[in-house]
1. Output the number of residues of the range 185-195 satisfying the condition of being within 7 Å of the ligand (Cβ to nearest atom) and open to solvent by 30 Å² or more (accessible area, probe 1.4 Å).
2. Show the residue pairs that are 6+ apart or on different chains and have beta-carbon atoms under 9 Å apart, the first residue being within the range 1-15 and within 15 Å of ARG42 (Cα to Cα) and open to solvent by 10 Å² or more (accessible area, probe 1.4 Å), the second being in a strand (DSSP E or B) and polar (S, T, N, Q).
3. In this structure, does ALA156 turn out to be in contact with a strand residue (DSSP E or B) (Cβ under 7 Å, 6 or more places away or on another chain) and either in a helix (DSSP H, G or I) or open to solvent by 60 Å² or more (accessible area, probe 1.4 Å) (or both)?
4. For residues that are out of contact with any strand residue (DSSP E or B) (no Cβ under 8 Å at 6 or more places or on another chain) and within 30 Å of ARG126 (Cα to Cα), scanning just the range 78-95, find the one that is farthest from the ligand (Cβ to nearest atom).
5. Would you mind stating whether PRO174 is open to solvent by 10 Å² or more (accessible area, probe 1.4 Å), outside any helix (DSSP H, G or I) and either more than 13 Å from the ligand (Cβ to nearest atom) or touching a Cys at 6+ places or on another chain (Cβ under 9 Å) (or both)?
6. Pairs under 7 Å by beta carbon, first residue closer than 23 Å to GLY130 by Cα in the range 54-81, partner among the polar types (S, T, N, Q) and surrounded by fewer than 16 Cβ atoms within 10 Å (Cβ to Cβ), six or more apart or different chains?
7. Could you tell me how many of the residues in the range 196-245 are under 30 Å from GLY132 (Cα atoms) and within 11 Å of the ligand (Cβ to nearest atom)?
8. Does VAL166 count as closer than 22 Å to LEU95 by Cα, open to solvent by 40 Å² or more (accessible area, probe 1.4 Å), assigned to a helix (DSSP H, G or I) and more than 10 Å from the ligand (Cβ to nearest atom)?
Amino acid sequence: MSRQVTVVTGGSRGIGAATCVRLARDGHDVVLGYARDEAAARGVAERVRSVGSRCVAVRADTSEEAGAERIFDTALEEFGRVSGLVNNAGVTGPLGAFADVSTEDLRRVVDVNLLGYLLCCRRAVREMRGSGGAIVNVSSAAATLGSPGEYVHYAATKAAVDTLTVGLAKELGPVGVRVNAVSPGITETDMHAAMGDPDRPVRAASRIPLGRAGRPEEISGAISWLLSADASYTTGTVLRVAGGM
Ligand code: NAP
């Protein structure tokens, strides 16, 4: 059987980085997309290779058509047609009340979290229809919590990701492409520092039924399972991995 070839966007840090390494262990060759942090991307690519999988890192902004296309063009050149996509690259902008969010931040969050996911899904589907494949969209528990006072606009893009997942799963089931989402709760990554509150995962612990924030490796396991043969009858699912939140 040929190896799985999987694109992971936002693979240089956090949940995406853990996913690249987990997928490598589970037998995938990995195409790692990232935006800026070349050193981090290179480090993750080395970890993927150290467990015996192939890896190519591609610097590309997924919110732009040319960027999304370049990730898949590189995949095709290096490893052949992709069998998997993990749509993961995401941003929140600063934490705060909705009335104070700048138009620039609103646009960026929609562009990266929604348009970027749409562009990557579209290209993946164009390659997978006929040969089959699986997509996992990384959503967020925020999609159902709404995240008042923090980032309602971000939560809204994640709710759209859930709808994208359900609709695409129904459209693509007949052509052998499965589409699912994983919805993490608060997870220990750089994202909280980027939104202006590095200690957020620690402070949130008392609100989480399991008493702590998640670790990226606890999210990547769910992602890898959804891409695996064990999930062959699972599509259109939004799998919450949020410590009970
Ligand atoms: P993170 O640590 O901030 O990493 C974000 C990743 O996305 C980085 O690899 C970054 O690349 C990449 N990226 C950002 N903008 C991009 C763009 N325009 N084009 C391409 N790549 C881009 O984030 P994370 O916490 O792991 O989050 C990953 C996903 O999980 C996101 O979709 C997020 O919404 C979701 N999520 C996270 C949490 C949480 O608590 N952390 C909870 C629920 C859902 P560079 O390194 O090059 O900047």
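The values are calculated or read from the model by the stated rules, or taken from the named source; none is laboratory data. Computed from a prediction, not measured in an experiment: that's the story for all the values here. Methodologically, a virtual Cβ is constructed for each residue, glycine included, from the backbone with ideal geometry; neighbour enumeration extends over all protein chains shown. The protein model used for the area step is the full one, side chains on, heavy atoms only, and it has no ligands, DNA or RNA in it. Shrake-Rupley method; radii C 1.70, N 1.55, O 1.52, S 1.80 Å.
1. Residues flagged as within 7 Å of the ligand (Cβ to nearest atom) and open to solvent by 30 Å² or more (accessible area, probe 1.4 Å) within the range 185-195 amount to 4.
2. GLY10/ASN87; GLY14/THR187
3. No, not satisfied.
4. THR92
5. It is false that PRO174 is open to solvent by 10 Å² or more (accessible area, probe 1.4 Å), outside any helix (DSSP H, G or I) and either more than 13 Å from the ligand (Cβ to nearest atom) or touching a Cys at 6+ places or on another chain (Cβ under 9 Å) (or both).
6. Filtered contacts from the range 54-81: ARG81/SER131.
7. The qualifying residues number 7.
8. no
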